[in-house]
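To start, the structure under review is shown below, and the notes come after it.
The values are calculated or read from the model by the stated rules, or taken from the named source; none is laboratory data. Not measured: the values here are computed from a predicted model. Note that each Cβ is placed from the backbone with ideal geometry, even for glycine, and that neighbours are counted across all protein chains shown. Just the protein is used for accessible areas: all its heavy atoms, side chains included, with ligands, DNA and RNA removed. Shrake-Rupley method; radii C 1.70, N 1.55, O 1.52, S 1.80 Å.
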Protein chains: 2
Amino acid sequence: MSIEVIGVKGLPIIQPGDDLARLISERISIQSGDILCIASSVYSKSVGNIRQLSSINPTPEAVRIASLTHEDPSFVQAVLDSSSEIIMDCPFILSQVPSGHIGVRAGVDHSNVEDGLIILLPQDPMGAAASVRAAILKISGVDIRVILTDTCGRAFRRGQTGHAIGWSGMTGLRDFRGDHDLFGHELLITEEAVVDEIAGFANFVMGESNNGVPAVIFRNMEVWKGHDMMYFSEKEDLIREALKECQKK
Amino acid sequence: MSIEVIGVKGLPIIQPGDDLARLISERISIQSGDILCIASSVYSKSVGNIRQLSSINPTPEAVRIASLTHEDPSFVQAVLDSSSEIIMDCPFILSQVPSGHIGVRAGVDHSNVEDGLIILLPQDPMGAAASVRAAILKISGVDIRVILTDTCGRAFRRGQTGHAIGWSGMTGLRDFRGDHDLFGHELLITEEAVVDEIAGFANFVMGESNNGVPAVIFRNMEVWKGHDMMYFSEKEDLIREALKECQKK
């Protein structure tokens, strides 16, 4: 059976307080086992996880970094407020957020939002995905799986791709430990970040500009075994260590 | 119209000299505009881009690195031979290959291959994708698009995902420069690495162990504008620079 990937069209511009799960359910017949990917920015806006730039008072640290990155100090302050650790501050801020995700500008976004507003990443993205899943179950009576996506850069390669920020109803990684290849050898590559592979393709379907498709359904998707330890510990993360060393100079 | 994603099932274990395009065409009705993703290891094996470990004489440098990485010196020699620049040699070899791709062990693979053999990345992956596209056109009379995929790690996150190594019939990046968001603001994020988003999801469908689905068709896929400058120049690549600095110590 082939996999079907369906962009949810016709959603209005989401406003704080909107019932996102209901708006999606009204536009597409969701089926049990579907994986629903939602742009985390749209989820955040629906729950009011936004800030008004004019209400932010930048600290001297934000002003210092803003002079390096050529950004609005209030925007930089919002990035600092969203971050649990700053890994680099120049030529752009790279930081970790409390969920463990590491990204540029802590995922704070001022595209696809009204002037003067910024959208923050969900503070508890796993809980956010679980809440969408629970809402769909309540509205439609079907148990689905949910991924919240964000658009991120990567090492060594130009261009952004979709990544999974939070997920519910599945593990983030598919674990092949103990499996064997076609020739019976035990596998060396044991973990596949399947939620990121799904989030990436969802991001392709969403488009990045004014397509207005912030939700994508994946149908006929298999079930896998695995775990949710998506983020390296500091000790394991060679690239994080190298970047921090370079920033010290 | 929804997108259909179809794993090509029933392919035999590919051997050097096999006509991969014909074997795929015999198992699925390919349509004009389809995007066909193929695991680069399977392409490489079909064109004999493999080496026998016992025929490799490791240099002292390969022996030195192998003692650090706890690998077979002949395997390390194959990685060095495939690399245009070694970025790190410990705890694993991270290197650039002539096409510009940067990856662990230069993509040299000893899974899903007979004992004593290793599979190399295609030496000209863009040309390889173009040759598969031309072969499908000749066999089936349809003009399709082709992506060769490989499985790679990433920064900051555990687990591997599929990446595009070569592609034909499309640009690697979708370019939004000049586009505007829903509110009319010019976009800050201007480049999306769409071939990687597609390759990632293809890798999910392929599975990583003994599923034996090395080819995946994407149907009803839009056409986009963009460019093929996938790899950062050395000067732009902050992470590469940071890793090289750390290796010097």
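So the values come out like this:
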quantity: Complete set of residues in segment A:12-41 that are at pLDDT 95 or above, open to solvent by 20 Å² or more (accessible area, probe 1.4 Å) and in contact with a Leu (Cβ under 7 Å, 6 or more places away or on another chain); calculated: A:L23, A:R27
quantity: Residue that is most open to solvent (accessible area, probe 1.4 Å) [pool: residues in segment A:228-245 that are at the interface with chain B (Cβ under 9 Å from one of its Cβ atoms) and not charged (D, E, K, R)]; calculated: A:M229
quantity: Residues of segment B:162-186 satisfying the condition of being under 19 Å from A:C152 (Cα atoms) and within 29 Å of the chain's Cα centre (by Cα); calculated: B:G162, B:H163, B:A164, B:G172, B:L173, B:R174, B:D175, B:F176, B:R177
quantity: Total residues in segment A:155-198, condition at pLDDT 85 or above, part of a strand (DSSP E or B), surrounded by fewer than 24 Cβ atoms within 10 Å (Cβ to Cβ) and more than 7 Å from every other protein chain (Cβ to nearest Cβ); calculated: 2
quantity: Residues satisfying the stated conditions in segment B:69-87, i.e. in a strand (DSSP E or B) and open to solvent by less than 10 Å² (accessible area, probe 1.4 Å); calculated: B:I87
quantity: Subset of segment B:222-244 (residues that are of a type in the set (A, V, I, L, M) and outside any helix (DSSP H, G or I)); calculated: B:V223, B:M229, B:M230
quantity: Selection status of A:L23, touching a residue at least 60 places away in the same chain (Cβ under 8 Å) and out of contact with any strand residue (DSSP E or B) (no Cβ under 6 Å at 6 or more places or on another chain); calculated: no
quantity: Checking A:V5 against (1) at pLDDT 95 or above; (2) hydrophobic (A, V, I, L, M, F, W, C); (3) more than 22 Å from A:G207 (Cα to Cα), the condition it does not meet; calculated: (3)
quantity: Output for segment B:202-227, where each listed residue is within 9 Å of chain A (Cβ to nearest Cβ), under 18 Å from the mean Cα position of the chain (by Cα) and under 20 Å from A:T190 (Cβ atoms); calculated: B:A202, B:N203, B:F204, B:V205, B:G207, B:E208, B:S209, B:G212
quantity: When residues of segment A:106-123 are limited to those that are outside any loop (DSSP other than H, G, I, E, B) and buried (at least 20 other Cβ atoms within 10 Å of the Cβ), the one nearest to the chain's Cα centre (by Cα); calculated: A:G107
quantity: Verdict on A:S44 being assigned by TED's automatic domain parsing to the domain that holds A:I13, within 25 Å of the chain's Cα centre (by Cα), within 16 Å of A:L148 (Cα to Cα) and not charged (D, E, K, R); calculated: yes
quantity: Entirely in segment A:1-56, the strands (runs of 3 or more DSSP E) that have 1 or more residues that are within 12 Å of another protein chain (Cβ to nearest Cβ); calculated: A:3-7, A:35-39
quantity: A:G103 being surrounded by 21 or more Cβ atoms within 10 Å (Cβ to Cβ) and out of contact with any Gly (no Cβ under 6 Å at 6 or more places or on another chain); calculated: yes
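Matching residues to (1) farther than 22 Å from A:L187 by Cβ; (2) among the polar types (S, T, N, Q):
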residue	(1), (2)
B:A39	no, no
B:S44	no, yes
B:E71	no, no
B:M88	yes, no
B:R105	no, no
B:H110	no, no
B:E114	no, no
